Structures are given as C-alpha cells and as structure tokens.
Amino acid sequence: MDIEVIHGSILEVRADAIVNPANSLGLMGGGVAGVIKRYGGEQIEREAMSKAPIPVGSAVLTKAGKLPFLGVIHAPTMEDPAMETTEEKVRLAVRSAIALADREGFKTLAMPGMGTGVGRLPKDLAAKSMMEEIRSFRANSLKKVILVDLDPQMVQEWKRYL
C-alpha cells in the first residue's frame, strides 16, 4: 500500500474517503471535525451521532454531505470531546479507519494527524504510531493512504518516518 504525505487541507485532497479523528459521541465541534462539518454540512454530524456511541477501536462511515468524497470515516481517538488521547487510542483509531475503508472497497483514503489537535498527543509519537499501523495493515482494496495536514510540523514528522 502506498503512503503519500501532503501539506495542505484534507478537504482538497483527491481521495475516495477522508478520516475524521472523532470522539465516541460523534459530535463534530472543533479541529478537523469542525472543518468537515462546516464545509460538508451538519448532516454528517447528525449521521455520526445516530451511530454513537462509537467505541475507540471502531469506526463508522457516513455520507460526505457537500464534500467531494464517497464518505467520511469517523474513527474516535477519544471518548469525550476535547479529551486528551493516548498513543494506543490513536493506533486503534488508525487501524479501524483503514480496515473500514478496505472493507468498503475504497482505493484511496486521506487521513489527518490523529489525536494531535484537541487530543494533545505529541506529533512525533502520532506520526510514528500512524506509520506503523498503516505499514502493518494488509489491504485488499485500499491502494493508497494520503497523510495530509495543515501543520508543517505534522507533515515533517510523517516524512521522518516515511
């Protein structure tokens, strides 16, 4: 599976689906989730909340609203909104997001830094964990994971582990 690292907005990437580093309640208030809701529409949050609680270690797929994707994968890195997260929770979120994308038959998946915003996980730790989880996954349909973030430090950390 190919891994591409991009500095930019997840909303501008060409991919079948994007990952929302979610909370278990499906609330989309801040960070990447807030941006996805603002540009994609509140129906994304409503659908995610209808599938809650979403345990850390699982993921759910919703429609993408007004966004140009086939879907949004909500993979919780925390139980409650703005809760501090851990490396293990980020690993579980990445693993569940990739597995769901693969099961759904998606070819490309875009993912931001997981747990590095409101989750406050150090970017180097998140980058290392994300790379290890992506590399260890044996995909059937998924051909490429695009790691994309507006934060230059996150991009730099991914490139260090690439």
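The values are calculated or read from the model by the stated rules, or taken from the named source; none is laboratory data. Owing to the predicted nature of the structure, the values given are computational and were not obtained by experimental measurement. Backbone-built Cβ (ideal geometry, glycine too); neighbour counts: all protein chains shown.
Summary of values
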item: Identity of the residue in the stretch 30-51, assigned to a loop (DSSP other than H, G, I, E, B) and either under 15 Å from the mean Cα position of the chain (by Cα) or not basic (Lys, Arg) (or both), that ends up farthest from Leu67 (Cα to Cα); result: Gly30
item: Residue match in the stretch 96-118 (condition: crowded, with 24+ Cβ neighbours inside 10 Å, modelled with pLDDT of 95 or more and within 16 Å of Gly26 (Cβ to Cβ)); result: yes
item: Given (1) modelled with pLDDT of 95 or more; (2) closer than 19 Å to Leu121 by Cβ; (3) part of a loop (DSSP other than H, G, I, E, B), number of the condition Ala15 does not satisfy; result: (2)
item: Residue satisfying all of: in the stretch 30-56; of a type in the set (Gly, Ala, Ser) and more than 22 Å from Glu87 (Cα to Cα); surrounded by the fewest Cβ atoms within 10 Å (Cβ to Cβ) among these; result: Ser50
item: Verdict on Leu150 being surrounded by fewer than 17 Cβ atoms within 10 Å (Cβ to Cβ), under 15 Å from the mean Cα position of the chain (by Cα), hydrophobic (A, V, I, L, M, F, W, C) and closer than 22 Å to Val72 by Cβ; result: yes
item: Residue pairs meeting the criteria (Cβ under 7 Å; at least 6 apart or on separate chains; first within 19 Å of Thr116 (Cβ to Cβ) and modelled with pLDDT of 95 or more, in the stretch 32-57; second surrounded by fewer than 22 Cβ atoms within 10 Å (Cβ to Cβ) and among the charged types (D, E, K, R)); result: Val56/Glu79
